[in-house]
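No lab work stands behind these numbers, since they all come straight from the coordinates. Computed from a prediction, not measured in an experiment: that's the story for all the values here. Positions of Cβ are generated from backbone atoms using ideal geometry, with glycine treated the same way; all protein chains shown enter the neighbour counts.
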Amino acid sequence: MSIHTSDFHPDEPKPGIAGTPGTALAESAARHWDALHTAAGAVAGLAHLPPEDAPCGAANFASLLAAAPPWKAELAKSALSDIAAFMQSGLTALLAVHAENREPSAAAHALWSEFVHARDAVLKILPHQ
């Protein structure tokens with residue numbers, strides 16, 4: 001069996017990755033996207049930053065995810081889980097600091113920056129319409 005570069009199609013599903021995400025799966029990821037931006041809004045407040053609108057709304061994110069090749073959709077969903085993990089632990093720590101009447105703005109600013117970079121990386125994975 002020979003493999004040629006012409007046999008490689010990056011937009012086709014990769015072995016071991018589920019098929020095209022269904023509407024319910026894309027909508028679930030969109031709710032996750034929306035929840036992350038709600039948490040990011042709280043972080044921005046603790047960092048004394050002005051509120052920011054998401055560069056891509058939940059409905060548009062669901063459309064981008066549904067239109068993406070399956071392997072890119074899986075990568076984006078995995079990245080969302082990673083973002084949720086660091087946002088949850090980071091926000092918990094920030095709220096604990098705030099509850100002790102200490103100033104969390106420097107740490108909140110760092111978490112906000114990490115969120116923005118990770119979010120933007122997820123958007124770069126998906127095809128833009």
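Worth a mention:
- Selection of the range 58-100 for residues being touching a residue at least 40 places away in the same chain (Cβ under 8 Å) and not in a helix (DSSP H, G or I) yields 68, 69.
- Filtered residue count, the range 97-125, keeping only those that are surrounded by 13 or more Cβ atoms within 10 Å (Cβ to Cβ) and among the charged types (D, E, K, R): 2
- Residues of the range 107-123 satisfying the condition of being without any contact (Cβ under 8 Å) to a residue 12 or more places away in the chain and farther than 15 Å from residue 54 by Cβ: 110, 113
- Odd one out for residue 106 among (1) within 30 Å of residue 70 (Cβ to Cβ); (2) more than 20 Å from the chain's Cα centre (by Cα): (1)
- Output for the range 59-96, where each listed residue is among the hydroxyl-bearing types (Ser, Thr, Tyr) and surrounded by 13 or more Cβ atoms within 10 Å (Cβ to Cβ): 63
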